[in-house]
Amino acid sequence: MKIDITIAEGVPIVAISGEIDMSTSTLLRTHLLELVGEKRPLVLIDFTYVSYIDSSGIATFVEGLKGMMHYGGKLKFVAIPANIAEIFSFSKLDKVFEMYGSVNDVLDR
Amino acid sequence: MKIDITIAEGVPIVAISGEIDMSTSTLLRTHLLELVGEKRPLVLIDFTYVSYIDSSGIATFVEGLKGMMHYGGKLKFVAIPANIAEIFSFSKLDKVFEMYGSVNDVLDR
Amino acid sequence: MSVTVPSHPKYLCVVRDVTARMARIGGMTEETSGQVKLAVDEACANVIKHTYRGDTTKRIVVKFRMAPEAFEVIIEDTGPRVDPEAVKGRDLDDIKPGGLGIHFIKRVFDVVAFDQTKTKGNRLRLIKNMEKTDEDRHNHS
Amino acid sequence: MSVTVPSHPKYLCVVRDVTARMARIGGMTEETSGQVKLAVDEACANVIKHTYRGDTTKRIVVKFRMAPEAFEVIIEDTGPRVDPEAVKGRDLDDIKPGGLGIHFIKRVFDVVAFDQTKTKGNRLRLIKNMEKTDEDRHNHS
Ligand SMILES: Nc1ncnc2c1ncn2[C@@H]1O[C@H](COP(=O)(O)OP(=O)(O)O)[C@@H](O)[C@H]1O
Ligand SMILES: Nc1ncnc2c1ncn2[C@@H]1O[C@H](COP(=O)(O)OP(=O)(O)O)[C@@H](O)[C@H]1O
């Protein structure tokens, strides 16, 4: 797994590539909780190059989302591949996370 | 591995996808020797979607080439991915097999 | 067919690769094989987290048995005996981190059971009944 | 880390997956890991073809040991004793089918040797010395 964070129009876009599993989700957690600590009003997760996610990855996003809800921040997912979307929907989390087609759909540029 | 054979301008184009190894090269051999049996003057192998080749796959092509040489037929390879090209060149076979960028480069269409 | 890995999360990717390949060799579609891969990953992650409590120096053995009517995965560890009653996922409507692994395992495997005859360590047996559809047969290449 | 497969060519893809992953975990670049994958595939194919003479009901055990200075792969079979002198590739300038596997094995592994202390079956030991370059360290993700 690789994580690239860029800031576009003041919004952090977390682009993840590769597999999110028990061995890599700890790094994701560190980055996510840092953004939560900074009380970012909006954080985008770009799933374009995510090939796999397990329950530890999902737990990390749930934790991040809960952290952001405390201060009214928004966590938005973009470009979720079909196989990953299926896992969120089976977990009944497709209603909990806001999902969009692309970064542009959220930033309205 | 999957093999699709189409005839373009009378020339069989053998499009292989996936991995050519000891378990799949037997199927490739069957198809190739059939074309040799038909004394095809030109046969193209399209490597675009080949992800792997081992020595049994290479041996199959050497056997096919030798069979075609008996009657003056030509075996041409197109669209070889870099990692596969490297294996042919290490095996000193890049001079033995004729390699082209694309099907169009050979058929001149 | 079997694979033995140290109980370190960095080897879970190896178990996933093997599992997905075995599922495909066993005739499953790409989609089903993805679900089986996730399930076996979760079961091994549970051994690391819960049975071995994070000790990365132990071993996990994953065995595969394929028959036309069933695909079986056996996961063995040498940790303290697991109480099967304690292995329960969370209510899916109660949104919180954790408690999803068991749901992923149970959705694709028809049998999820600890083998009580094993005297040292644990043996989790996962069995998926195979329906041989034409589609399955044709999709495997 | 180890993997045990039946001596059937259809399981070679599983061995390749595991080998490539272990090479990457061991810090090799994508390119080197591809060469190691091919080499281990060839060594196992040789066991099926030459040691077991096509008998697909036997077993092959592949073990991996990683250390900062070396990446080691051990391939064990239960077949008749191999004469190491007989294991020779063909002259690369003599174009004919076969005889390439050993070349693929020797180009990436520094040590290729049968363990003569094994009393039943064969144990082929492949060792690749690791040079820890900065590139290797950074490329692994
Ligand atoms: N191998 C195991 N050993 C002991 N307890 C386990 C094991 N696997 C699962 N459990 C128990 O079952 C619970 C649910 O497991 P799971 O759904 O995978 O969620 P999680 O691991 O995220 O808590 C765990 O919290 C744990 O208490
Ligand atoms: N495991 C083995 N047992 C017995 N003989 C072997 C084994 N591996 C290789 N050999 C011998 O070494 C030769 C060269 O091997 P290789 O380069 O892989 O070519 P190929 O297998 O295509 O003949 C083989 O033809 C065989 O005679």
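Since every read-out is calculated from the coordinates, none of them should be taken as a lab result. Every value quoted in this text rests on a predicted model; they were computed, and no experiment measured them. No Cβ is skipped: glycine too gets one built from the backbone with ideal geometry, and neighbour counts run over all protein chains shown.
Here are some notes:
- Annotation: of all residues in the range D:62-115 being near ligand 2 (Cβ under 8 Å from one of its atoms) and of a type in the set (Lys, Arg), the one that is farthest from the other protein chains (Cβ to nearest Cβ) is D:LYS88.
- Selection within the range C:61-80 - near ligand 1 (Cβ under 9 Å from one of its atoms) and surrounded by fewer than 15 Cβ atoms within 10 Å (Cβ to Cβ): C:PRO80
- The criterion of at least 2 residues that are over 13 Å from the mean Cα position of the chain (by Cα) is met by the following strands (runs of 3 or more DSSP E) wholly inside chain A: A:2-8, A:11-20, A:42-53.
- Selected residue (criterion: surrounded by the fewest Cβ atoms within 10 Å (Cβ to Cβ)) from residues of the range D:8-60 that are within 11 Å of chain B (Cβ to nearest Cβ) and outside any helix (DSSP H, G or I): D:GLY54
- Taking every residue in the range A:74-101 that is more than 19 Å from A:ALA15 (Cα to Cα) and pairing it with any residue that is among the basic types (Lys, Arg), at least 6 positions away or on another chain, the pairs with Cβ-Cβ distances below 9 Å are A:SER89/A:LYS95; A:PHE90/C:ARG107.
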